[in-house]
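Peer 1: After the structure tokens below, expect a handful of questions from me.
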Amino acid sequence: MSLPPPTCVLVLRFSAVGDVLLTAGVLTALKRAWPNTRIVYVTKLGLVPLVADHPAVDAVVGLAPGESLGAFRARLKHQAPDAVLDLHDKLRSQWLRLTVGAARKAVWHKRPFWAGLCARLGLSRYRATSLIAERYHDAVEQLVGAKVEPGPLSYHPNEASRGRVAALLAEFKLDSSTPVIGMAPGSMWETKRWPPEHFAALARFARAQGYQVLLSGSQPEAVVTRAVAEASGAIDLAGRVSLADLGAFIERCRAFVANDSGPMHLARALGVPTLALFGSTDPGQFDFKGHALLYANLECSPCSLYGRRTCPKGHFRCMRELDDGRAQQALQRLLEGPARLPLVRG
Ligand code: SF4
């Protein structure tokens, strides 16, 4: 006999940008299964804007920097949850899941434990056998106790963000009739970065075809975007577009080019044709249907679950071998296709 739907479900995922974005399909699926259940998303305060406007989300509770877990749990209890979907499964979320007072719980499993441990220790390479979004969805069905139609990877910029982005582009006196190609050449980890000279060559190619090229990035990534801008004439917006407004910026782009990073997920979540560049990490975790992916698939790759500071082999061929000609062809194909693509699974 199936249980009645809960009154309130907490969805826990504290980091990182890409992982939070990839939970979008879960939220849609949960709302489909339990249309009258209040869905409360729980994440770090800085990531709240990534899910706050998702139509399935009723409220978001953000963990403030320095906030004690006891105080945070009290705030969660105030929501009176009777179900918890733990999409993080680390010490903090495990403790909250067990102590917040909800009778119904489900947990996702990122990868088989031993395979993950061996990959972290550098003993073996880990290649995903399913999408992260599919494993998130398995946890939804476990919680609901029935098959549920999966939701897509989606993102929903709000009007305030759109207004701020329009004001920023007006400040740069951009020609609104010329289509924009966005590029995010940064990434937190060095081995996930296609070298700036390659991004610059692709930006010059796009500009020669009549596109405006705008570069996005966080303030720490400005050193990379500046190098690309100086070598290509692209416009550098690093540090000028907040995480909250990044979706509203990307949705203005005719196509987007990015490393394995949060902006790459955001672009696909908006259906913006995306060229993704992968080196030391595994693209098999994500759905690129309709988009473009460049991956050298070397003997040594993927060498990392998340990325590294330096190439352990010293040659960094996984990224250096993604040559300019292939990237130009891939971008050209995207530009010859539809301006918006159907949403992918995740
Ligand atoms: S070249 Fe191989 S070892 Fe070096 S960063 Fe890339 S995947 Fe890792």
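Computed from the coordinates by the stated procedures, all read-outs in this text should not be read as laboratory data. Computed from a predicted structure; not experimentally measured. We place every Cβ from the backbone using ideal geometry, glycine too, and count neighbours over all the protein chains shown.
Peer 1: What does the highest-first list of 170-179, 19-28 look like by mean Cβ count within 10 Å?
Peer 2: Ranked by mean Cβ neighbours within 10 Å, highest first: 19-28, 170-179.
Peer 1: Here's another thing I want to ask about it. If you line up the Cα atoms of region 159-336 on their principal axes, what length do they span on each, largest first, in Å?
Peer 2: Cα extents, longest axis first: 46, 32, 29 Å.
Peer 1: If each Cα of region 156-255 is one equal point scatterer, what is log10 of I(q)/I(0) from the Debye formula at q = 0.13, 0.14, 0.21 Å⁻¹?
Peer 2: Summing over Cα pairs of region 156-255 leads to -0.42, -0.49, -1.09.
Peer 1: Let me ask another. Using the Karplus equation 6.51 cos²θ - 1.76 cosθ + 1.60 (θ = phi - 60°), what ³J(HN,Hα) coupling, rounded to whole Hz, does each residue of region 6-16 give in order, writing x for Gly and Pro?
Peer 2: Along region 6-16, the couplings run x, 7, 9, 10, 8, 10, 9, 7, 8, 6, 9 Hz.
Peer 1: Please work out how much length the chain gains when fully extended from Gln209 to Phe113, using 0.36 nm per residue of separation minus the C-alpha to C-alpha distance, in nm with one decimal.
Peer 2: Full-extension gain reported as 29.8 nm.
Peer 1: Compute the Kirkwood hydrodynamic radius of the chain, taking the inverse of the mean of 1/r over all pairs of distinct Cα atoms, and give it in Å to one decimal.
Peer 2: Across the chain, the inverse of the average 1/r is 21.0 Å.
Peer 1: While we're on this one: Provide the FRET efficiency to the nearest 0.05 for the Ala59-Thr129 pair, computing r from the beta carbons and using R0 = 35 Å.
Peer 2: It comes out at approximately 0.50.
Peer 1: Helix-only estimate, please: 222 nm mean residue ellipticity of the chain, summing -39500 (n - 2.57) across DSSP H runs of length 4 or more and dividing by its residues, to the nearest 500.
Peer 2: My calculation for the chain gives -10500 deg cm²/dmol from helical runs alone.
Peer 1: For the pair Arg38 and Leu293, what calculated FRET efficiency results from E = 1/(1 + (r/R0)^6), where r is the Cβ-Cβ distance and R0 = 35 Å, to the nearest 0.05?
Peer 2: 0.40
Peer 1: Here is a follow-up. Semi-axes of the equivalent ellipsoid of region 8-144: what are they in whole Å, largest first, if each equals the square root of 5 times a C-alpha gyration tensor eigenvalue?
Peer 2: Those come to 24, 18, 14 Å.
Peer 1: Counting only residues 5 or more places away or on other chains, whose amide H sits under 5 Å from the amide H of Val11 once H atoms are built in the peptide plane?
Peer 2: Here the answer is Val40, Tyr41, Val42, Leu85, since their amide H atoms fall under 5 Å of that of Val11.
Peer 1: Farthest toward the dipole's positive end in the chain, which of Cys311, Ser216, Pro5, given Cβ charges of +1 (Lys, Arg) and -1 (Asp, Glu) about the Cα centre?
Peer 2: Among Cys311, Ser216, Pro5, the one farthest towards the positive end of the dipole of the chain is Pro5.
Peer 1: Also, quick follow-up: Can you give the FRET efficiency for Lys77 and Leu45, using 1/(1 + (r/R0)^6), R0 = 22 Å, r = Cβ-Cβ distance, to the nearest 0.05?
Peer 2: Efficiency at R0 = 22 Å is approximately 0.75.
Peer 1: Using only Cα atoms, locate the centre of region 78-138 and the centre of region 312-341, then give the distance between them in Å, rounded to an integer.
Peer 2: First find each Cα centre; the distance between them is then 32 Å.
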